[in-house]
1. Would you mind checking the pairs LYS76/LYS122; LYS21/LYS160; LYS21/LYS81; LYS81/LYS117; LYS117/LYS160 and listing those with alpha carbons more than 27 angstrom apart?
2. For region 95-148, which whole-number percentage of the solvent-accessible area (1.4 Å probe, protein heavy atoms only) is attributable to carbon and sulfur atoms?
3. Kindly rank 159-169, 7-17 from highest to lowest mean number of other beta carbons found within 10 Å of each residue.
4. Work out from phi, with θ = phi - 60° and the Karplus expression 6.51 cos²θ - 1.76 cosθ + 1.60, the ³J(HN,Hα) of each residue of region 102-115, listed in order in whole Hz, and give x for Gly and Pro.
5. Taking the solvent-accessible surface of protein heavy atoms with a 1.4 Å probe, what is the per residue accessible area of region 69-157 in Å²?
Amino acid sequence: MHERHAGQDDQNKALLDIVIKRGEPAYSVFVVGLLIYGYEDIANDLKWDSHEISSSPTSASADTEGLSDWNVPLYKVRLQKNYLKVITDIQHESIVDHLISREVVSVDDGNKIESGKTPQEKNRNLMDMLLRKNEMSFNEFIKALRKDSVYADLADQIEKTDVTSRDMATLRKCLK
């Protein structure tokens, strides 16, 4: 039994190393995963810590100060805030085909996406690429979602996701 516990410790350390290496949005996905699987106390501690780091407890105007110096595009925040839903809920094939046809991603990018071992990993590869692209790419992703009626609600949800100054400040810090 002690042997198995040590193995679990190694697995936990490996998972944390991956989350740390990937940074945002993997951190947010990790925190949401903790919430989903019943680790509310740990998730809330981690969420609280991230807010402590990302913004000071001053007025809301201080939160937005400096945003004009480095505006974080709303579409990136919206993608990041819906990251978990996208990686767990979509079938990527038709979406990637649409993005290739619109020259948002290349055929090589499509192959990189396909290199994932699980559907979630393939979707994660897609999202990681989209988070590095421009707003036109985001708009094509939304169009690709809308082409399949199953994903129309998800497209609406992503487009209507509220973005606060705190969200922007958090993502801005992650992009540094």
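The values are calculated or read from the model by the stated rules, or taken from the named source; none is laboratory data. What you see is a predicted model; the values in this text were computed from it and never measured. Neighbour counts run over all protein chains shown; Cβ positions are idealised from the backbone, glycine included. Remember, those area values only see protein heavy atoms, side chains included, never the ligands or the DNA or RNA. Shrake-Rupley method; radii C 1.70, N 1.55, O 1.52, S 1.80 Å.
1. Values: LYS76/LYS122 19 Å; LYS21/LYS160 30 Å; LYS21/LYS81 19 Å; LYS81/LYS117 24 Å; LYS117/LYS160 31 Å.
Pairs exceeding the cut-off: LYS21/LYS160; LYS117/LYS160.
2. Answer for region 95-148: carbon and sulfur cover 44 percent of the accessible area.
3. On the way: 159-169: 15.5, 7-17: 10.2.
Per-residue mean Cβ counts within 10 Å order the peptides as 159-169, 7-17.
4. Computed from phi, the couplings for region 102-115 are 9, 6, 7, 10, 8, 4, 4, 4, x, 5, 5, 4, 5, 5 Hz.
5. Details: 4720 Å² over 89 residues.
Normalised by residue count, the accessible surface of region 69-157 is 53 Å².
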